[in-house]
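Take a look at the structure set out below.
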Amino acid sequence: MSLLQQLVEIESPSSDHAACIEVQDVLGELLSASGGRVERSAGSDGTPVMVARFGAQRSPVLLLGHVDTVWPCGTLEERPYTVSDGVASGPGVYDMKAGLVQIVSALSSLDSPDVTVLLNADEELGSPGSQDLITAEAARSRCAFVLEPCGPGGALKTRRKGIGMYTLEVTGRAAHPGLDFAGGVNAVVELAHQVSALASMTSGETTVNVGRVDGGTGRNVVPARASALFESRFWTAEEGARIDSAAHGLLPVDPRASVRVTGGVHKAPMERTPAVEALVELAASCADWELTEMAVGGVSDGNVTAAAGVPTIDGLGADGGGAHAVDEHVVLADIPRRAAWLAEMLHRLESMSELPSVATSARP
């Protein structure tokens, strides 16, 4: 628990590389003491990435975590690390510094497990710099465990939606609305038509959200430019491709205006394959509680490993709540319990040449 407090009290927003490295340093020292061979690298945009390799590295299990949080430096002054009735609160305690403690604790109890730990510092930004490094490690791994917080009641996350991220730019023609209204082409009006078209793409559980719009220079000018930021969320790659095609196929309602869409599918969905089902059964057989699973609309680095074809289960972190919110908290007693659970899974996988077959693993 002292480690959890130490990590929370190092404020590490994604934008502060030095602070994120400080968290990696603390964890790197502990992982090295447990037999890990620590490597430092940087993502394509300079984001710090730390890897610790254990064992023979023949077919390692990949453990994923991130050291960055969404909270700016100074948050700790407003909401310091506190413990009350067995619950710890503070910025980043749940998402996901408790999961980092679990990784260290689990590996300290094992003798040279065939494991790779990757800790990045830009997950809260969508891992733009570290994604290629994650993909490379996934390609040499037998499966991936993501130590993001669990779902309600301790549920594993076995499906995640994919996400597409886009920018829509509309170009019209500026004019004076009193002297030459007809000569103008109102980019804001055209944008409104396009926003309506984007909203109509939502179908069932596939959603399109326009999150920000900008345009115009003043009330007395027919605006020449307008733009919007939007995203799509989808359960299957086919749905992601459908929205991507429709978004890039948008045409102006006013033929004098031009419409340009940039962006695309940012992360493929994390789908529940038979190999994932086998991992769920293994996880259930190692738990001393009734393990449940769930699907969530948010994305994580588990989407990256799944897209690389690696069986992935997510949400192995401790129970709590308030991710990205002022009431962020974690149940302290759940951290050692789930650390021991992770260690047991890694121990059993060590003796398996292949992942367990579906419906063959039994509870002890």
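State the antiparallel share, in %, of DSSP beta bridges confined to the chain, rounding to the nearest 5.
Given both bridge residues lie in the chain, the antiparallel proportion sits at roughly 75 percent.
Run the simple label-point estimate for residue 294 and residue 326 please: 7 Å along Cα→C-beta, distance reported in nm.
2.4 nm
Using θ = phi - 60° and the Karplus relation 6.51 cos²θ - 1.76 cosθ + 1.60, list the HN-Hα couplings for the range 64-77 in order, rounded to whole Hz, with x at every Gly or Pro.
The phi angles translate into 10, x, 10, 9, 8, 10, 8, 9, x, 4, x, 4, 4, 5 Hz.
If we count every other residue with Cβ under 12 angstrom of residue 237's Cβ, Lys/Arg +1 and Asp/Glu -1, where does the sum land?
-1
Run the paramagnetic zone check for residue 348: 7 angstrom along Cα to Cβ, then residues of the range 40-57 with backbone nitrogen under 13 Å.
Backbone N within reach: none found.
Nearest 0.05, what FRET efficiency do residue 193 and residue 79 give at R0 = 41 Å with Cβ-Cβ as r? Present the calculation step by step, with values, prior to reporting the outcome.
Working: r = 44 Å, r/R0 = 1.07.
So, using R0 = 41 Å, E works out to roughly 0.40.
Just one of (1) 71, 61, 44; (2) 67, 49, 37; (3) 80, 48, 38 is Cα extents along the principal axes in Å calculated from these coordinates, so which is it?
Computing Cα extents along the principal axes in Å and matching it to (1) 71, 61, 44; (2) 67, 49, 37; (3) 80, 48, 38 gives (3).
Excluding ligands, DNA and RNA, what is the solvent-accessible area per residue of the range 58-142 at a probe of 1.4 Å, expressed in Å²?
So the range 58-142 comes to 35 Å² accessible per residue, rounded to a whole number.
Which FRET efficiency value, to the nearest 0.05, is calculated for residue 39 and residue 273 with the Förster distance at 45 angstrom and r the Cβ-Cβ distance?
On the way: r = 30 Å, r/R0 = 0.66.
Once rounded, the FRET efficiency stands at 0.90.
Counting Lys +1, Arg +1, Asp -1, Glu -1, what net charge surrounds residue 326 among other residues with beta carbon under 12 Å of its beta carbon?
-2
For the chain, set up a Gaussian network in which alpha carbons nearer than 10 Å are linked by springs, and say which option among 319, 95, 288 fluctuates the most.
Its mean-square fluctuation being the largest, the pick is 288.
Using a cut-off of 14 Å between beta-carbons, work out the net charge of the residues near residue 350 (Lys and Arg +1, Asp and Glu -1, residue 350 not included).
Spelling it out: positives minus negatives among the neighbours equals -1.
If each DSSP helix of 4+ residues adds -39,500 (n - 2.57) and the sum is divided by the residues in the chain, what number results at 222 nm, nearest 500 deg cm²/dmol?
That comes out to -9000 deg cm²/dmol.
Working with all protein chains in place, sort 166, 81 by solvent-accessible area computed with a 1.4 Å probe, largest first. Please list the in-between numbers first.
Values: 166 10, 81 30 Å².
Per-residue accessible area, sorted high to low, gives 81, 166.
Could you work out how much longer the chain between residue 3 and residue 253 gets when fully extended? Use 0.36 nm per residue separation minus the Cα distance between them, nm to one decimal.
Full-extension gain reported as 84.2 nm.
Can you give me the % of accessible surface on the range 226-364 that is carbon or sulfur? Probe 1.4 Å, all protein chains present, nothing else counted.
Carbon and sulfur together cover 56 percent of it.
The values are calculated or read from the model by the stated rules, or taken from the named source; none is laboratory data. For clarity, every value in this text was computed on a predicted model and none was experimentally measured. Positions of Cβ are backbone-derived with ideal geometry, glycine not excepted, and every protein chain shown enters the neighbour counts. Protein only, heavy atoms only, side chains kept; ligands, DNA and RNA dropped before computing areas. Shrake-Rupley method; radii C 1.70, N 1.55, O 1.52, S 1.80 Å.
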